[in-house]
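In what follows, a structure is listed as structure tokens, so that the remarks can point back to it.
Read the figures in this text as sums done on the coordinates, not as results from a lab. Here the structure is a predicted model, which is why all the values come from computation and not from measurement. Heads up, the Cβs are rebuilt from the backbone with ideal geometry, glycines too, and the neighbour counts pull from every protein chain shown.
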Amino acid sequence: MKKLFLMIVGAFIYCTSLSAQRVISMTFVGDIDDTPLSHDYPRTPIEVPLVYIDDYTLTFEMNHPNYVLIFKDENGEQLYTVPVYSTQTDVVLPSNLSGNYEIHLVMGNWLFTGWINL
């Protein structure tokens with residue numbers, strides 16, 4: 001019984017520590033270049049990255065692939081680009097960014113996009 005209580009308290013503490021973070025809703029856009037696939041069998045659906053934001057820190061899941069993170073303003077102008085390596089879980093953004101931004105996560109030829117407000 002004591003073990004169950006400690007597990008519940010630990011889960012509660014873990015969940016409340018994540019509550020300050022917001023989830024960025026990412027959408028799979030597709031293939032960046034229109035290179036035809038070389039096989040005839042159907043591919044499994046690609047997993048959309050899970051990204052959290054807390055102030056100016058983006059947090060990625062552990063064991064994610066390498067990404068290139070691109071920030072674009074509302075006019076589509078590219079303002080900031082940074083590589084996100086598979087060994088990184090946190091990316092701290094420059095504090096001079098403020099406003100609404102479209103973010104692109106590029107993984108090889110695959111593109112994911114979402115919006116954030118800093």
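On a full-extension model of 0.36 nm per residue, what is the gain between residue 57 and residue 85, subtracting their alpha-carbon distance, rounded to one decimal in nm?
Values: separation 28, 0.36 × 28 = 10.08 nm, distance 1.52 nm.
Gain on extension, residue 57 to residue 85, equals 8.6 nm.
Set the Förster radius R0 to 22 Å, insert the Cβ-Cβ distance between residue 74 and residue 22 as r into 1/(1 + (r/R0)^6), and round the FRET efficiency to 0.05. Can you show the working numbers first?
Numbers: r = 20 Å, r/R0 = 0.89.
The calculated FRET efficiency here is 0.65.
Counting only other residues whose beta carbon sits under 15 Å from that of residue 54, what net charge do I get with K and R as +1, D and E as -1?
Numbers: positive: 22; negative: 55, 61, 90.
My count for the surroundings of residue 54 gives -2.
Provide the packing ranking of 74-82, 88-96, i.e. peptides ordered by the mean count of other C-beta atoms within 10 Å per residue, highest first. Please report the intermediate quantities before stating the final value.
On the way: 74-82: 10.9, 88-96: 13.1.
Per-residue Cβ counts within 10 Å, averaged per peptide and sorted highest first, yield 88-96, 74-82.
What Kirkwood hydrodynamic radius do you get for region 70-118 when you take the inverse of the mean 1/r over all pairs of distinct Cα atoms, in Å?
Details: mean 1/r = 0.0856 Å⁻¹.
When all Cα pairs of region 70-118 are included, the Kirkwood radius is 11.7 Å.
Pull out the extension gain between residue 117 and residue 48, defined as 0.36 nm times the separation in residues minus the alpha carbon to alpha carbon distance; nm, one decimal. Walk me through the numbers on the way to the answer.
On the way: separation 69, 0.36 × 69 = 24.84 nm, distance 1.99 nm.
Result for the pair: 22.8 nm of gain on full extension.
In terms of modelled amide H atoms, which long-range or inter-chain residues lie less than 5 Å from the amide H of residue 51?
24
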